[in-house]
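The values are calculated or read from the model by the stated rules, or taken from the named source; none is laboratory data. Bear in mind the structure is a predicted one, so any value in this text is a computation, not a measurement. Every residue, glycine among them, receives a Cβ derived from its backbone with ideal geometry; neighbour counts consider all protein chains shown. To get the accessible areas, we keep the full protein, side chains included, count just its heavy atoms, and leave off ligands, DNA and RNA. Shrake-Rupley method; radii C 1.70, N 1.55, O 1.52, S 1.80 Å.
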Amino acid sequence: MKAWILDEPQTLRMEETEPSVLTDGQVKVKVEELLLTSTDFGMYSGQVKCKTPIILGRNAVGAVSEVHDNNGMLQKMDRVVIEAYAPCEVCTECKNGEYSKCANMDELGRNCDGLLKNFVDLPYTLLHKLPDNLSNDRALYTSYVAFCLNIIDSLNLEKGRHIAIFSSTRTGIILAQLIAYYQAVPVYISEREDLLQLAREHGIFYCFNPNEVTIEKEIMMITGGRMCKELVFFTNSDFRMKDVYDSAAPNANICLAGYSNKESKLSVAQICQKHLNIFGVYNGAGKYSSAINMLVTETVKVDSFLGDVLHFDKLDEELKRYTMEDLASKSLVVKVD
């Protein structure tokens, strides 16, 4: 078995070990493709802090190569997408079935070893069988769609209501597609022209660059002065929080999505004056089956996000050609032979 271990920023080491023995409820998966996220690359480059050594990788698809005992749910050669989130199952939130709110959750490739391997042993509960009409490339985006579905659930979404999305990555475009599907109106805001163009190509009508227009004025015009009752701010973005506050209606809900090392100053005065409700969503736990369906039906389209293909055995050399900026609009897919 092979695995890439991050010892320190920009230093990957290949480790080879003997094949492992499965225990009850485990399944061995041959990893076929991985999608490197901006968080993965941030940890690799040192821009996102993490404990090392660690095996990176949160998004992967593969084929079942061995099953110990999973009550017949999976068979050898089944194609699967791997869920990156493992709730603790013992906290109050887990016992209430609110797995996405688990405070003790293991997240593969972030606070425990991830999937940058050629084989991985996992509980069958973290594996979701893929239908034949969903390609591996598109299935790699299951975690993104699941994450956005949890954001949707956190919002008081109503038909026809304008939802502002502040995003510096393609995840915001996935969220915008879902908001449009649920018949609300996405307002996509990004300082990157390449992402704005991608959003327009995906049918998002309202797309604004805060460096070129005054966001407050634009939202005031399109909402008839009502402003936005729901807003989503992706925390790895580089926006001024003032733009978010100015776009919010009184008593609005602001979702802080994801996690990042970036510091944003929150205006306590504005929060109180507008009676804003601020909360966080950072994972896609519990939504993988729904996300797979969204990808199969092409409710969410992701083909235009696919970027360069890297080779597993040469990953340490090939990653050095890229920067964090390169991953904003296009993904890096690692093929495992």
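From Leu295, Leu310, which residue is in a strand (DSSP E or B) and either in contact with a strand residue (DSSP E or B) (Cβ under 8 Å, 6 or more places away or on another chain) or not aromatic (Phe, Trp, Tyr) (or both)?
None of the others qualify; the one that does is Leu310.
Which one of Asp132, Asp69 is touching a Gly at 6+ places or on another chain (Cβ under 8 Å), surrounded by fewer than 22 Cβ atoms within 10 Å (Cβ to Cβ) and in a loop (DSSP other than H, G, I, E, B)?
The conditions single out Asp69.
Report whether or not Leu56 is assigned to a loop (DSSP other than H, G, I, E, B), open to solvent by less than 80 Å² (accessible area, probe 1.4 Å) and either touching an Asp or Glu at 6+ places or on another chain (Cβ under 6 Å) or of a type in the set (Gly, Ala, Ser) (or both).
In short, yes.
If you check Cys88, Cys50, Cys94, which single one turns out to be in a loop (DSSP other than H, G, I, E, B) and without any contact (Cβ under 8 Å) to a residue 24 or more places away in the chain?
Cys88
List every residue pair whose Cβ atoms sit under 7 Å apart, with the two residues 6 or more apart in sequence or on different chains, where the first one lies in segment 190-210 and is under 15 Å from Ser304 (Cβ atoms) and the second, anywhere, is basic (Lys, Arg) and at pLDDT below 95.
Leu195/Arg170; Leu198/Arg170
Out of Val81, Val48, which single residue is at pLDDT 95 or above and either crowded, with 17+ Cβ neighbours inside 10 Å or in contact with a helix residue (DSSP H, G or I) (Cβ under 7 Å, 6 or more places away or on another chain) (or both)?
Val81
Are any of the residues in segment 294-302 under 27 Å from Lys117 (Cα atoms) and touching a Pro at 6+ places or on another chain (Cβ under 8 Å)?
Taking every residue of segment 294-302 in turn, at least one turns out to be under 27 Å from Lys117 (Cα atoms) and touching a Pro at 6+ places or on another chain (Cβ under 8 Å).
Applying the selection to segment 220-238, what residues are over 19 Å from Glu191 (Cβ atoms) and either of a type in the set (Gly, Ala, Ser) or open to solvent by less than 30 Å² (accessible area, probe 1.4 Å) (or both)?
Thr223, Gly224, Gly225, Met227, Glu230
I need every pair where a residue in segment 299-320 that is touching a residue at least 40 places away in the same chain (Cβ under 8 Å) has its Cβ under 6 Å from the Cβ of a residue that is surrounded by 17 or more Cβ atoms within 10 Å (Cβ to Cβ) and in a helix (DSSP H, G or I), sequence separation at least 6 or different chains.
Qualifying pairs under 6 Å: Val300/Val145; Val300/Ile174; Val300/Gln177; Val300/Met294; Val302/Arg138; Leu306/Asp137.
For segment 97-108, indicate whether the set of residues that are over 23 Å from Asp24 (Cα atoms) and of a type in the set (D, E, K, R) is non-empty.
yes
Quickly run through segment 9-21 and pick out the residues that are exposed (fewer than 15 other Cβ atoms within 10 Å of the Cβ) and among the aliphatic types (A, V, I, L, M).
Met14, Val21
Checking Ile278 against (1) closer than 26 Å to Ala139 by Cβ; (2) open to solvent by 30 Å² or more (accessible area, probe 1.4 Å); (3) in contact (Cβ under 8 Å) with a residue 12 or more places away in the chain; (4) outside any loop (DSSP other than H, G, I, E, B), which single condition isn't satisfied?
Here Ile278 meets the rest and fails (1).
Working only within segment 181-215, note down all residues that are open to solvent by 50 Å² or more (accessible area, probe 1.4 Å) and closer than 21 Å to Leu157 by Cα.
Answer for segment 181-215, where residues must be open to solvent by 50 Å² or more (accessible area, probe 1.4 Å) and closer than 21 Å to Leu157 by Cα: Tyr181, Tyr182, Gln183, Gly203, Phe205, Tyr206.
Restricting attention to segment 281-292, and to residues there that are touching a strand residue (DSSP E or B) at 6+ places or on another chain (Cβ under 8 Å) and part of a helix (DSSP H, G or I), which single residue is surrounded by the fewest Cβ atoms within 10 Å (Cβ to Cβ)?
Ser289
Which residue, of Glu318, Glu325, Glu298, is surrounded by fewer than 20 Cβ atoms within 10 Å (Cβ to Cβ), within 30 Å of Met1 (Cβ to Cβ) and of a type in the set (D, E, K, R)?
Testing whether each residue is surrounded by fewer than 20 Cβ atoms within 10 Å (Cβ to Cβ), within 30 Å of Met1 (Cβ to Cβ) and of a type in the set (D, E, K, R) leaves just Glu318.
Here's a check for you: in segment 163-186, which residue that is in contact with an Asp or Glu (Cβ under 8 Å, 6 or more places away or on another chain) and modelled with pLDDT of 95 or more is nearest to Leu35 (Cα to Cα)?
If we take residues in segment 163-186 being in contact with an Asp or Glu (Cβ under 8 Å, 6 or more places away or on another chain) and modelled with pLDDT of 95 or more, then Phe166 is nearest to Leu35 (Cα to Cα).
Here is a list: Thr142, Thr125. Which entry is among the hydroxyl-bearing types (Ser, Thr, Tyr) and closer than 26 Å to Tyr44 by Cβ?
After applying the criteria, what remains is Thr142.
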